[in-house]
């Protein structure tokens with residue numbers, strides 16, 4: 001049994017089990033569509049997912065599951081290939097959002113090992129923030145340590161309006177850029 005036939009059978013079984021999908025495409029058409037586009041969509045997912053074979057395979061299969069569950073919404077003139085690519089983008093975005101970032105071992109990072117061996121970070125005496133006044137530093141800390149919705153509260157604590165806070169932050173950024 002070829003991969004496309006196996007996938008088609010799995011899809012049909014899953015669709016009937018969940019009773020979510022009315023199968024309007026015949027199994028032969030299902031096999032043809034998978035044979036025609038599977039490798040292309042897999043390659044696309046593989047490249048987008050940093051060449052992770054397992055992740056690309058999962059996403060590619062999900063693309064075809066979505067396609068076969070929503071194919072009845074497509075018009076006859078719609079481009080299946082384009083639709084599969086759009087779906088692949090959406091599936092990849094969802095997959096990346098759900099999966100945690102890869103763990104990095106400190107032993108694998110020479111920079112981290114150098115820091116650990118040296119006893120810590122170097123004490124940097126001159127930073128770009130040294131040109132700012134204490135008030136400007138506090139304002140930036142409040143601004144960047146608060147979410148968008150909390151910035152109004154931060155502005156009130158400083159005794160200024162939200163637009164005034166934005167203007168002050170803009171001026172501070174401009175000052176820092178000029179000091180470079």
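The values are calculated or read from the model by the stated rules, or taken from the named source; none is laboratory data. The structure displayed is predicted, hence computed values, not measured ones. In this analysis, Cβ positions are derived from the backbone assuming ideal geometry, glycine residues included, and neighbour counts consider all displayed protein chains.
Structure values in brief
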read-out	value
Members of region 53-84 that are free of Cβ contacts under 8 Å to residues at least 24 places away in the same chain and surrounded by 16 or more Cβ atoms within 10 Å (Cβ to Cβ)	56, 83
Residue within region 100-107 that is exposed (fewer than 12 other Cβ atoms within 10 Å of the Cβ), at negative phi, touching a helix residue (DSSP H, G or I) at 6+ places or on another chain (Cβ under 8 Å) and modelled with pLDDT under 85 present	yes
